[in-house]
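Here's the structure, in structure tokens; my notes come after.
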Amino acid sequence: MALLVHFLRHATHDHGTDALAGRNPQVRLSPEGLAEAAALAAMLAGRPLSAIVASPQPRTVETAEIVARGRPITIDAALDEIDFGRWQGETFAALEHDPQWRAWNAERDAAATPAGETMDAVAARVLALVDALREAHPRGGEVALVSHLDTIRAALCRALGLPQRAALALEIAPASLATLAFGEGGARLLLLNRRPALDLPEVSA
């Protein structure tokens, strides 16, 4: 039977949008993000989630705890943000002058961050977790994985057989939901960028 995997991007954080937050443990949800996470929790309230797994970053843990509504959550490094190395904390304006950053965004299938992590490596760790969850739930069911923008993009591209250069075409807004059904025939995309109480898709900069 198919396992429904809901990939949740963490809600809006307090680091702003002009710099790369990366794995900074000081980054938390903003007041706006807390409200977004509560709306996401309400949207998922009726789903029979058998597991809620989060990246170790505080902003994902906070989102997961709100969605869980008192149920236990699991922390797993497989869902962590990409390791951006020296780029972490840099403004996007400054990064635009870095040739390695430009290569990373133009050549996602081959380029790596300064820490050496590639999109394929990120996808591999996430989908290894999905495989473990499928083994743990042989009768199918639903699980929620709370993670980060490019981590989710990498996993979706690999699962759907898309090149990693297609990642930038996938809109994954804060506090949004992307759902894949993993079955014997592979993965099927059921939802992408679903946000609670949103009439039109919100496009990030």
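The values are calculated or read from the model by the stated rules, or taken from the named source; none is laboratory data. Here the structure is a predicted model, which is why all the values come from computation and not from measurement. Cβ sites come from the backbone with ideal geometry, for glycine too, and all protein chains shown count toward neighbours.
Each residue in the range 70-96 was checked for being surrounded by 14 or more Cβ atoms within 10 Å (Cβ to Cβ), more than 20 Å from the chain's Cα centre (by Cα) and not in a helix (DSSP H, G or I), and 1 pass. Checking the structure you have, find out if any residue of the range 76-88 is out of contact with any helix residue (DSSP H, G or I) (no Cβ under 6 Å at 6 or more places or on another chain), without any contact (Cβ under 8 Å) to a residue 40 or more places away in the chain, at positive phi and of a type outside the set (S, T, N, Q). Yes, the range 76-88 has at least one match. All conditions but one from (1) in a loop (DSSP other than H, G, I, E, B); (2) closer than 18 Å to residue 178 by Cα apply to residue 56; the one that does not is (2).
Screening residue 26 on (1) crowded, with 16+ Cβ neighbours inside 10 Å; (2) touching a His at 6+ places or on another chain (Cβ under 9 Å); (3) not in a helix (DSSP H, G or I) shows it passes everything except condition (1). The set of residues in the range 164-181 being of a type outside the set (A, V, I, L, M), in contact (Cβ under 8 Å) with a residue 60 or more places away in the chain and surrounded by 20 or more Cβ atoms within 10 Å (Cβ to Cβ) consists of 174, 176.
Quick one: is residue 118 more than 22 Å from residue 146 (Cβ to Cβ) and within 17 Å of the chain's Cα centre (by Cα)? Spelling it out, residue 118 is indeed more than 22 Å from residue 146 (Cβ to Cβ) and within 17 Å of the chain's Cα centre (by Cα). Against the condition surrounded by fewer than 18 Cβ atoms within 10 Å (Cβ to Cβ), under 20 Å from the mean Cα position of the chain (by Cα) and of a type in the set (Asp, Glu), how does residue 131 come out, does it pass? It is true that residue 131 is surrounded by fewer than 18 Cβ atoms within 10 Å (Cβ to Cβ), under 20 Å from the mean Cα position of the chain (by Cα) and of a type in the set (Asp, Glu). Residues in the range 1-21 that are in contact with an Asp or Glu (Cβ under 6 Å, 6 or more places away or on another chain) and either in a loop (DSSP other than H, G, I, E, B) or without any contact (Cβ under 8 Å) to a residue 60 or more places away in the chain (or both): 11, 12, 20.
Go through the range 133-151 and report how many residues are at pLDDT 95 or above and of a type in the set (Lys, Arg). Going through the range 133-151 one residue at a time, the tally reaches 1.
The listed residues are 48, 31, 58, 99, and the only one of them that is within 22 Å of residue 126 (Cα to Cα) and over 19 Å from the mean Cα position of the chain (by Cα) turns out to be 48. In the list 154, 205, 175, which residue meets the criterion of being within 25 Å of residue 18 (Cα to Cα) and at pLDDT below 95? Exactly one residue qualifies, and that residue is 205.
Pairs are defined by a Cβ separation below 8 Å, a sequence spacing of at least 6 or placement on different chains, a first member in the range 118-144 that is within 16 Å of residue 76 (Cα to Cα), and a second member that is of a type in the set (S, T, N, Q) and surrounded by fewer than 20 Cβ atoms within 10 Å (Cβ to Cβ); the pairs so defined are 143/50. Taking the conditions exactly as written (surrounded by 14 or more Cβ atoms within 10 Å (Cβ to Cβ) and in a strand (DSSP E or B)), does residue 67 satisfy them or not? In short, no.
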